[in-house]
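Structure first, commentary second.
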Amino acid sequence: MKVGAYQFAATGDISDNLNTIKSAIIDASEKGIRLLVFPECALTGYPPHDMASSSAVDFGALDMAYQELQALIDQSNVCLILGTISKEHAKHYNSALILRPKQAKLFYHKRALWGWDRENFTEGKEDGIFDLGDWKIGVRICFEVRFPEFFRELYRQKTDLNIVLFYDVSSTDDAERYDLIKAHLRTRAMENTTPILSVNTICPYQTAPTALCDQSGHTLAEACRNTEGLLVFELEKTEPNFGEQGRIELSDRLTCSAQHNDL
C-alpha cells in the first residue's frame with residue numbers, strides 16, 4: 001500500500017487549511033497514494049496557537065469542508081486521516097477524522113489530555129481502529145505517543161499500521177525534543193511489532209517527525225524538518241523476522257498472563 005504524509009503549517013483559517021489539504025490530495029492521487037495523513041488539528045488549527053479556544057471554530061464552515069473533502073476523495077479514491085476539532089452535544093474534541101471513499105466518516109477523539117488540551121477538549125472513548133481493504137489501521141494523537149498503554153491496545157487488536165498525528169512545535173529550534181519524540185515512535189513500533197507513520201505541523205520549529213518506521217523501529221522515510229511537503233512510501237506487509245517473532249510470542253504470553261491475573 002502506498003502511503004503519504006503531508007506536513008505543513010496549519011493556521012486558524014479553515015479555508016486556507018482546506019485549500020492546502022485539497023491540493024495535497026490531488027497530488028497524492030496522481031502519485032497513486034492510497035492512504036494520506038495530515039497533522040493534528042490540520043483543518044482547524046490548534047488552540048491556543050491558532051485561535052483563542054476550541055469554541056472559536058466555525059463549525060458550519062467545518063461541516064462544509066468535510067463535504068468538499070468527501071467529494072474529492074470519492075473521486076480520487078484516496079483514504080484520508082486528518083486532524084480537526086469536532087463538536088458533539090456542546091463538547092469539543094481533538095479529533096482524527098477518517099474519510100474513506102463512499103463511506104461514512106469516522107472520528108477518533110484524543111484521550112491523553114493535558115495542559116491546553118484539557119482546557120479545550122473532552123476526553124474521547126473510541127478505540128481508533130478502522131479497516132482499509134485488508135489493512136487494519138490504528139490511530140493515535142500526539143501526547144498519546146508517550147504512553148505504551150495506548151499502543152498496547154492496538155497490538156492486542158493486531159493492527160497492521162499505526163498512525164500518529166502531531167501538532168508538536170516550539171518557538172525555538174529544539175532538536176533534542178525532536179530526537180526524543182522520534183525515539184518514542186521507534187520504540188512504540190518495535191515493542192508492538194507494527195509500523196508507524198507519523199505526521200506533524202512545521203511552524204515555528206518542528207519538534208516531532210513526519211516519518212515512517214518499520215516494525216523493528218528502523219526509519220524507512222523521514223521528511224525534512226520545518227519544510228512543507230509530501231512524504232511518500234510503498235509499504236508492504238512482511239513476515240516477522242527472528243527477533244520480531246520473539247517479541248510477538250513473548251508479548252502474547254505476557255498479555256495472556258495479565259488477562260489471567262485480572263480474572
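The values are calculated or read from the model by the stated rules, or taken from the named source; none is laboratory data. All of these numbers come straight from a predicted model, not from anything done at the bench. Heads up, the Cβs are rebuilt from the backbone with ideal geometry, glycines too, and the neighbour counts pull from every protein chain shown. Calculation scope for accessible area: heavy atoms of the full protein, side chains included, ligands and nucleic acids excluded. Shrake-Rupley method; radii C 1.70, N 1.55, O 1.52, S 1.80 Å.
Summary table below
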{"quantity": "Complete set of residues in segment 18-40 that are open to solvent by less than 30 Å² (accessible area, probe 1.4 Å), outside any loop (DSSP other than H, G, I, E, B) and touching a helix residue (DSSP H, G or I) at 6+ places or on another chain (Cβ under 8 Å)", "calculated": "LEU18, ILE21, ILE25, ALA28, LEU36"}
{"quantity": "Tabulated pairs, segment 41-54, first surrounded by fewer than 23 Cβ atoms within 10 Å (Cβ to Cβ), second assigned to a helix (DSSP H, G or I), C-beta under 7 angstrom, 6+ apart or interchain", "calculated": "PRO48/TRP116; SER53/ASN120"}
{"quantity": "Qualifying residue in segment 95-103 (condition: open to solvent by 10 Å² or more (accessible area, probe 1.4 Å), closer than 22 Å to GLY138 by Cβ and in contact with a Lys or Arg (Cβ under 9 Å, 6 or more places away or on another chain))", "calculated": "no"}
{"quantity": "Test: residue in segment 164-177 that is part of a helix (DSSP H, G or I) and more than 29 Å from GLY45 (Cβ to Cβ)", "calculated": "no"}
{"quantity": "Hits in segment 178-206 - residues which are of a type in the set (D, E, K, R) and crowded, with 17+ Cβ neighbours inside 10 Å", "calculated": "LYS182, ARG186, ARG188"}
{"quantity": "Counted residues, segment 158-177 - those being within 27 Å of MET1 (Cα to Cα) and open to solvent by 40 Å² or more (accessible area, probe 1.4 Å)", "calculated": "2"}
{"quantity": "Selection count where residues are touching a residue at least 40 places away in the same chain (Cβ under 8 Å) and either touching a Phe, Trp or Tyr at 6+ places or on another chain (Cβ under 7 Å) or within 16 Å of ILE163 (Cβ to Cβ) (or both), scope segment 195-205", "calculated": "7"}
{"quantity": "So THR44, is it out of contact with any Lys or Arg (no Cβ under 9 Å at 6 or more places or on another chain) and within 23 Å of LYS136 (Cα to Cα)", "calculated": "no"}
{"quantity": "Whichever residue in segment 131-157 is open to solvent by less than 10 Å² (accessible area, probe 1.4 Å) and either among the charged types (D, E, K, R) or in contact with a strand residue (DSSP E or B) (Cβ under 6 Å, 6 or more places away or on another chain) (or both) and, among such residues, is nearest to ALA56 (Cα to Cα)", "calculated": "ILE141"}
{"quantity": "Matching entry among GLU88, GLU123 (being open to solvent by 60 Å² or more (accessible area, probe 1.4 Å), over 25 Å from ALA28 (Cα atoms), acidic (Asp, Glu) and without any contact (Cβ under 8 Å) to a residue 12 or more places away in the chain)", "calculated": "GLU88"}
{"quantity": "Restricting segment 136-160 to residues that are in a strand (DSSP E or B) and out of contact with any Lys or Arg (no Cβ under 8 Å at 6 or more places or on another chain), the residue that is farthest from GLN103 (Cα to Cα)", "calculated": "ARG140"}
